[in-house]
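What follows is a set of notes on a single structure, which appears directly below.
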Amino acid sequence: MNSKKLLKWFSNAATAVLYVVLILMAIVVISSKASGGEPQAFGYQLKTVLSGSMEPDIQTGSIIAVKPGGDMTRFAEGDVITFLQEEDVLVTHRITEVIQSGDNVMYKTKGDNNQTEDLNPVLSDNVVAEYKGFTIPYLGYFINFTNSKNGAFLLLIPGLLLIAYSLYTIWRALAEIELQSKHTKSVENKAS
């Protein structure tokens, strides 16, 4: 393989990688903004696990997919739910007991890695989603980093590289067209 072909292959590969990264970033940003700040994919919300209370099944720093909506009184013992423990604090724990009092339903919960149940039962009104068993280990660390100022700045780099490479490609194409135009005029002048 000669150097021109190798350079062209590398150029095409770099362009493809930059486009994929840019598209993925756009999807995450758009889904986050459309859902009020929570990234979503195929009807599932993506949550970052910040503690080890559900280890070993759900590792600290993982991303989990939870299914929001539906009847929040439907859960049974053994289901894993995500609920509002206090304002702006979400917790994902396993139901250990369902308590029914008339039309009201409450859940006693416990983290798999915790020694005791959570202090307060969870009102069904505070349940926001059900964990469906999908987790990606360690991706949460990356997501948390991207939400920081330094992470957001670093994510701009692939976009800026793509723009710079696009401008370079356009400039090269225009230069090549101009060169071909001069060559064509030169051939026409020699033929006349």
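Since every read-out is calculated from the coordinates, none of them should be taken as a lab result. The structure displayed is predicted, hence computed values, not measured ones. Here the Cβ is made from the backbone with ideal geometry for all residues, glycine too, and neighbour counts use every protein chain on show.
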Quiz prompt | Those trypsin sites (Lys or Arg not before Pro) in segment 70-110 that DSSP places in a loop and that have at most 16 other beta carbons within 10 Å | solution = 74
Self-check item: Qualifying chymotrypsin sites (Phe, Trp or Tyr not before Pro) in segment 53-148, DSSP loop, other Cβ atoms within 10 Å at most 16
Solution: 138
Quiz item: For segment 80-179, what is one quarter of the convex hull surface built on the Cα atoms, given in nm²?
Solution: 11.2 nm²
Self-check item: Above-threshold pairs, the threshold being 26 Å between Cα atoms, out of 8/149; 47/110; 5/190; 108/149; 110/132
Solution: 8/149; 5/190; 108/149
Self-check item: Rg to Rh quotient for segment 38-129, alpha carbon positions, Kirkwood Rh
Solution: 0.95
Quiz item: Where in segment 79-115 are there GluC sites (Glu not before Pro) that are in a DSSP coil and have at most 11 other Cβ atoms within 10 angstrom of their Cβ?
Solution: 87
Exercise. Would you mind ranking 57, 103 by Cβ crowding within 10 Å, fewest neighbours first?
Key: 103, 57
